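Notes for the one structure printed next.
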Amino acid sequence: MDYIKRENILKKVFVFSVFLFFSYLQSEEFSAGRHYEILDSPTTTRDSHRIEVVEIFWFGCNHCFYFENFLEVWKEDLTEDVDFWKSHATWNPTLKTHARIFYTAKVLGVEEEVVSAAFNAIQRERRFLTGNSEIEHFFKGFGVDKEQYLAVSNSFGVNNSIRQADNRMRGWKVAAVPTLIVNGKYKVSATRELGTEKLLDVVDFLIKKEKRYLTKSD
């Protein structure tokens, strides 16, 4: 009888150990160095009471254009404790011109509309959106006349936003887009193993991980 009892106990311990093992594997579905990078120098987020997710993107990137479809659906289910925002890439003069379009749109309060329209113009209509007259005409479609566009796009605020975006890219060592920075600690970007359509799965994993350390607001 004692032997049978010991055998039953061992079986239960074995089953429980297997359960814990597979639970661990499931909880660690994504790992550092394989699916995301841990930043060498973590950066401060703009709200310590929320999990910050920043997307670095470029209007001229077809992968970013493709990623927008997943992003729009993902954003619909975001909870209040997640702070998502975009940061335009600034590697060269063309990207800085597109960044100026983005940050001008933010100041004018038409960010959502311009993001969609700029992606469509560049990716589908094969327009460059780099010439002054072309961009002025583009903003006219949002009720912004030439004088207003020039005043805002050349303002200190927009120039400063571009400088800050450039500093963020350098600090985070962004080498490709789309890239997502989660809570100033983790960098997620596509690889041969991790396709664009899986990026947000990794982001969700990291959000859940970070929520354990979230600072409670007063």
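Only the coordinates and a few stated rules stand behind these numbers; no lab work does. Small disclaimer: the values here were computed from a predicted structure and weren't measured. Cβ coordinates were reconstructed from backbone atoms using ideal geometry, including for glycine residues, and neighbour counts include every protein chain displayed.
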Dipole in debye (nearest 20) - the chain, about Cα centre, beta carbon charges: Lys, Arg +1; Asp, Glu -1: 680
Neighbour-count ranking [beta-carbon atoms within 10 angstrom, fewest first] of E111, E52, E29: E29, E111, E52
Y186 long-range amide H proximity, modeled H, under 5 Å: L39
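Of the chain, which part is the longest with no trypsin sites (Lys or Arg not before Pro) in a loop (DSSP not H, G, I, E, B) and with at most 12 other C-beta atoms within 10 angstrom?
Numbers: sites that count: R34, R46, R126, K173, R192, R212, K216.
Formally, the longest exposed-site-free interval is 47-125.
What's the exposure ranking of F128, F156, going from fewest to most Cβ atoms within 10 Å?
Ranking F128, F156 by Cβ neighbours within 10 Å, fewest first, gives F156, F128.
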L78-S31 FRET efficiency (beta carbon distance; Förster radius 35 Å; 0.05 resolution): 0.90
FRET efficiency, 1/(1 + (r/R0)^6) with R0 30 Å, evaluated for K208 and E112 via beta carbons: 0.65
Positive-pole candidate from A105, S116, F84, dipole of the chain, charges at beta carbon: F84
Residue order, fewest to most surrounding Cβ atoms within 10 angstrom, among D166, D40, D81: D40, D81, D166
Quotient of Cα Rg and 2.2 N^0.38 Å for the stretch 46-164, N being how many residues it contains: 1.08
C-alpha center-to-center spacing [the stretch 169-218, the stretch 31-107] in angstrom: 9
The chain: calculated mean residue ellipticity at 222 nm from DSSP helix runs of at least 4, using -39500 (n - 2.57): -16500 deg cm²/dmol
Volume of the Cα convex hull of the chain, divided per residue and given in Å³: 170
Gain on full stretching of the segment that runs from R127 to K198 - 0.36 nm per residue minus C-alpha separation: 22.6 nm
